[in-house]
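Worksheet for the structure shown next.
Throughout, read-outs are computed from the coordinates displayed, never taken from laboratory work. Computed from a prediction, not measured in an experiment: that's the story for all the values here. Glycine also receives a Cβ, built like all others from the backbone with ideal geometry; neighbour counts cover every protein chain displayed.
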Amino acid sequence: MKWAKSWYLSDVILIALIGIFFGAIFMGTNYVYDVLTAALAPVGLAGLANELLLGLWCMPGMLAGYLLRLKGSATLGELLAATVEMFFGGQWGISTLISGVLQGFGSELGYIATRYKHYDWLGLTASAITTTLVTFAWDLAKNGYFKLQFWLLVLYFIVRFISMFFFGGVLTKLITDLLDRSHVLKSTHNN
Amino acid sequence: MNPSIKLLLLLVIALEISFTMIISLNVALVILAIIYLGLHGTKLKTLAWLLVVPLLPAIGLWSTQYINGSGDKTLMAWVLFTRIYAFVFTGATFTLTTNILQLADALEQNWHLPSKFAYGVLAAYNLVPKIQHEVKVIRAAGLMRGQQLSFWSPQLYFKAILVSINWSQNLAQAMASHGFVEDAPRTHYRHSALHARDWIILGLGIIGMQIGVFVIPWH
């Protein structure tokens, strides 16, 4: 496990803490999801609630990848967030873990494609695209999307990408810009 | 049973039902999970709660297929409805009978996960109540300054990350000062054993699942 060597104990704790913090914040958004699902279910568009908020749930992975800049940080960040969510009784049971790995690896692919060098809009956009592609492929099977009518698939795909780009891209950039301006990131890795 | 093997079996089952469309199989898995949970003394109230938790997403998936699906809409609608219940109940057989400490021990001792990952995550996990409290503190502090921090406010996440950086360094230093050395060999107080019995259960579980998917003609 060569990649593991570049990780410090404080990195592992940091990434886990961020995952849990985000999970605690997301718990406050469950009502948004519930209200949207309940409102959209009668017209058969309940999936839109999921598509609109998915970017938020994929944010820990994209942010961890951008923040720590270590190989595997996006995957691990999202997996840890998912593990904690499962232990706190999420709505998706055991599939949370599979989704977590895939969402994290999807984000990681964007950074891999840009060779872990582009921590800018290019890297974030690539990550948003790959996360959308990987998670959508998984939902074709898991949520039975492959049986849906084509226009709905296109709509879901577009909404999902916008959500990924807004939460994983724009919001991540705004957050990390604040961190840059406060100069706190230089002080990591001193243990 | 070894937690890592149990998790592996459940992940295989979850992956397999994601690609199959057999309603009875999903229902059978839910029933098996309920029996398992019952044998482990799970309260009826908890089981009832598990029925409520996925109801809304399940109805959402059902109606989406029923109204906007193609092909055999009713079949697919019920497959997805029962599938989410299968996910939640099989997941509960793990989360309600195993804690994250046992899982971390098994992954570290039986699968050679570097100890910094096992103990680092545990250190963070034990702060969950404090983290939930801290989110409230950050929000209240914002309100005092007239800032409404919502889930789309970068400031909310920024402050959460600042706290995380601070705590992660404190925790890492605390662990180091108690003798934790990264990548050094460790002795163990709690032992996690991997018996032949665990492998047999895993094998039987996987074979049973294949019989359920490919052999039994469900109706």
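Structure notes:
- Reciprocal mean inverse distance between Cα atoms of segment A:104-147 - Kirkwood radius, Å: 10.7
- When chain B is treated as a GNM with alpha-carbon contacts under 10 Å, the residue of B:64, B:93, B:187 showing the greatest mean-square fluctuation is B:187.
- Of B:152, B:199, B:49, the one that fluctuates the most in a GNM where chain B has Cα springs shorter than 10 Å: B:152
- Cross-link table A:142/B:159; A:5/A:117; A:142/B:130; B:45/B:73, entries beyond 24 Å C-alpha to C-alpha: A:142/B:159; A:142/B:130; B:45/B:73
- Helix axis angle, B:154-177 relative to chain B longest principal axis, alpha carbon, degrees: 70
- Relative contact order for segment B:97-219, counting Cα pairs under 8 Å that sit 6 or more residues apart, in percent: 33
- Pairwise Cα separations in chain A fall into 10 Å bins from 0 onward with the following percentages, short to long: 9, 36, 37, 14, 4, 0.
- Each residue of segment A:53-66 is assigned a 3J(HN,Hα), and the resulting list reads 9, 4, x, 4, 5, 8, 4, x, x, 5, 5, 4, x, 6 Hz, derived from the Karplus form 6.51 cos²θ - 1.76 cosθ + 1.60 (θ = phi - 60°), x at Gly and Pro.
- The mean sequence separation of alpha-carbon pairs under 8 Å and at least six residues apart, normalised by the residue count of chain B, gives a relative contact order of 32 percent.
- Partner chain coverage, peptide B:84-97 - average Cβ within 10 angstrom: 5
- Of the trypsin sites (Lys or Arg not before Pro) found in segment A:62-154, the ones in coil according to DSSP and having at most 11 other Cβ atoms within 10 Å of their Cβ are A:115, A:117.
- Taking the three principal axes of the alpha carbon atoms in segment B:53-121, the coordinate ranges are 50, 21, 18 Å, sorted in descending order.
- Estimated FRET transfer efficiency when R0 is 25 angstrom, pair residue B:46-residue B:101 (beta carbons, to 0.05): 0.80
- Residue-count net charge about residue B:16 - beta-carbon cut-off 14 Å; Lys, Arg +1, Asp, Glu -1: +2
- Taking segment A:58-191 and dividing mean pair separation by its residue count, relative contact order in percent (alpha carbons under 8 Å, at least six apart): 23
- Applying a DSSP loop filter and a limit of 15 other Cβ atoms within 10 Å to the trypsin sites (Lys or Arg not before Pro) in segment B:176-219 leaves B:186, B:190.
- Semi-axis lengths, Å, segment B:144-186, gyration tensor of Cα atoms, sqrt of 5 times eigenvalues: 35, 10, 5
- Over segment A:121-191: Kirkwood hydrodynamic radius from C-alpha pairwise inverse distances, Å: 14.1
- Taking θ as phi - 60° and the Karplus parameters 6.51, -1.76 and 1.60, the scalar couplings of segment A:8-21 work out to 9, 3, 5, 5, 4, 5, 4, 5, 5, 4, 4, x, 6, 4 Hz in sequence order, x denoting glycine and proline.
- Prolate/oblate/rounded label for the protein assembly as shown (Cα gyration tensor, a/c 1.5): oblate
- Shielding of peptide B:121-129 by partners, expressed as the average count of other chain Cβ atoms within 10 Å per residue Cβ, is 6.
- The phi torsions of segment A:27-42, fed into the Karplus equation with coefficients 6.51, -1.76 and 1.60 and a -60° offset, translate into couplings of 4, x, 9, 4, 5, 4, 4, 5, 5, 4, 4, 5, 6, 8, 4, x Hz, rounded to whole numbers, with Gly and Pro shown as x.
- Calculated mean residue ellipticity, 222 nm, chain B: -24000 deg cm²/dmol, from DSSP H runs (n ≥ 4) at -39500 (n - 2.57) each, averaged per residue and rounded to 500.
- Size estimate for segment B:70-219 follows the Kirkwood approach: the inverse of mean 1/r over distinct Cα pairs works out to 20.4 Å.
- FRET E, pair residue B:39, residue B:189, Förster distance 25 Å, beta-carbon r, rounded to 0.05: 0.30
- For segment B:115-177, the spread of Cα positions along each principal axis, largest first, Å: 43, 17, 16
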